[in-house]
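Quick notes on the structure that follows.
What follows is calculated from the coordinates using simple rules that are stated; it is not laboratory data. Note that the structure is predicted; figures quoted are calculated from it, not measured. Neighbour counts are summed over all protein chains in view; Cβ atoms, including those assigned to glycine, are modelled from backbone coordinates with ideal geometry.
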Amino acid sequence: MKDRIYNVSEFNKIVKEYVDEIPEFHNFFLKGELSGITYYKSGHLYFTLKDRKSQIKCVAFNYKLKRIPEDLKEGDNVTLFGDVGFYEVRGDFQILVRHIEKENSIGELYRKLEELKLRMEEEGYFSPLNKKPLPKYPTTIGIVTSSIGAGLYDIITTARKRMDNINIYVYPAKVQGEGSVEEIIKGIETLDKIPEIDLIIAGRGGGSIEDLWSFNEKKVALAFFNCKKPIISAVGHETDFLLTDLVADVRAATPTQSIEISVPVKKEILSLLDDDKRYLTTLINEKIKKSKLILENKSQSYIFKNFNKKIEKAKEDLFERELFLEKNLKLILERKNQNLKLQIEKLIALNPLNILARGFSIVKSNDKIIKSSKEIEKDDELFIKLYDGSLKATVKEIKK
């Protein structure tokens, strides 16, 4: 039993690690009635959630950033979204609240949205591998937003201040209410087909979660995901992430910020170009100075000063080589000529006509040279080749 004795800190640590590892204790919805609500100046909200039989402590840290209502009161029925937390120091078991919806509001939609986010994350829609980089120097941008909202004015004004010659295409679309989903999708698809557009910004100014809900629709999120051009989700809200924020290539907290992260400041670009120009000018001048110094040093070198003499010496060597080659070529030709004459004399000596000139002849019978009297018979016709002609004869007598 001594092995199972813990101090309080050790035991609370074990409990916390156990609680943190249970999947069912994370990303769940809880319904109940509010009690003991306390808003603190530190920005935290503490309360108890109860039903007829049980109750549990809850805390919402930085509740304003989570857009949790500030008018919650005793007895309100709510649905909250959060995780189980265990505070080791005091051994408190509590719910860490991430969102609260009053009953009969959009709590059910929010629950379905969280489930959709989990499914889409598992399917890879939020993966960084699918994010396209923004162009460094866009010349033309496309905007999908309301034509009457402040967001469009902020985008255009900010863009013109940063880059006065940038081209802007605007697709006016409803961004809340009936028909907004279809118009946002159509706007993205239309601008995506225009070749000169470098990137697309789709969004709106701030509003309640109900006003922003079109950007939580799966159809709209898929339009962002399937856009071939880089696209920014620019919806005016600071807390949480809308569905389009997660699938877009880049998320901007406001329409104005979407321009600040995508359109460079022209003056800064020109300043950088001036810096580069000065750097390159300095680099080139230094290179020229070094080259001049190297050239001056070489001009004073022994090789450079005696270059003409080396050329003259090379010419003399070349002339002597020409004479040597000409002399040897003549000798070779003379030897070849003598050898040719000897070969000709041999051929002449072997010429059978020369033998015939000395009184010899060639005797043939039926185109066969006769070498013996045994090869012919009486009355055979003979062909006799002489030096200066030929004879035909008939054998009258054979003497052996």
How big is the dipole moment of the stretch 1-137 about its Cα centre under a simple scheme where the beta carbon of each Lys and Arg is +1, that of each Asp and Glu is -1, and everything else is neutral? Debye, nearest 20, please.
400
Using only C-alpha atoms and all pairs of different ones, pull out the Kirkwood radius for the stretch 251-400 in Å with one decimal.
27.5
Between GLU375 and GLN343, how high is the FRET efficiency from 1/(1 + (r/R0)^6) when r is the Cβ-Cβ distance and R₀ = 51 Å? Nearest 0.05.
0.90
Across LYS64/LYS219; LYS136/LYS161; LYS117/LYS219; LYS364/LYS396; LYS186/LYS228; LYS50/LYS117, pairs whose alpha-carbon gap is larger than 22 Å
LYS64/LYS219; LYS50/LYS117
Which of ILE288, ILE37, ILE141 moves most in a GNM of the chain, Cα contacts under 10 Å?
ILE288
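For the stretch 151-235, what number results from the quotient of the Cα radius of gyration and 2.2 N^0.38 Å? Before the final figure, lay out the partial values.
Values: Rg = 12.9 Å, N = 85, 2.2 N^0.38 = 11.9 Å.
Ratio of Cα Rg to 2.2 N^0.38 Å: 1.09.
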Spin-label pair VAL89/ALA393, simplified geometry with 7 Å Cα→Cβ offset, distance in nm
15.0
Run the quick spin-label model on LYS132 and THR157: label points 7 Å from Cα toward the beta carbon, then report their separation in nm to one decimal.
3.0
Counting Lys and Arg as +1 and Asp and Glu as -1, each charge on the Cβ, what is the dipole of the stretch 198-351 about the Cα centre in debye, to the nearest 20?
1760
When Lys and Arg each count +1 and Asp and Glu each count -1, what net charge do the other residues less than 13 Å away from THR282, Cβ to Cβ, add up to?
+1
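When Lys and Arg each count +1 and Asp and Glu each count -1, what net charge do the other residues less than 9 Å away from SER146, Cβ to Cβ, add up to?
That works out to +2.
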To check you understand DSSP bridge types, tell me what percent of the beta bridges within the chain (both residues inside) are antiparallel, rounded to 5.
65
Among VAL263, GLY149, TYR110 the positive-end extreme of the charge dipole of the chain (Cβ point charges)
VAL263
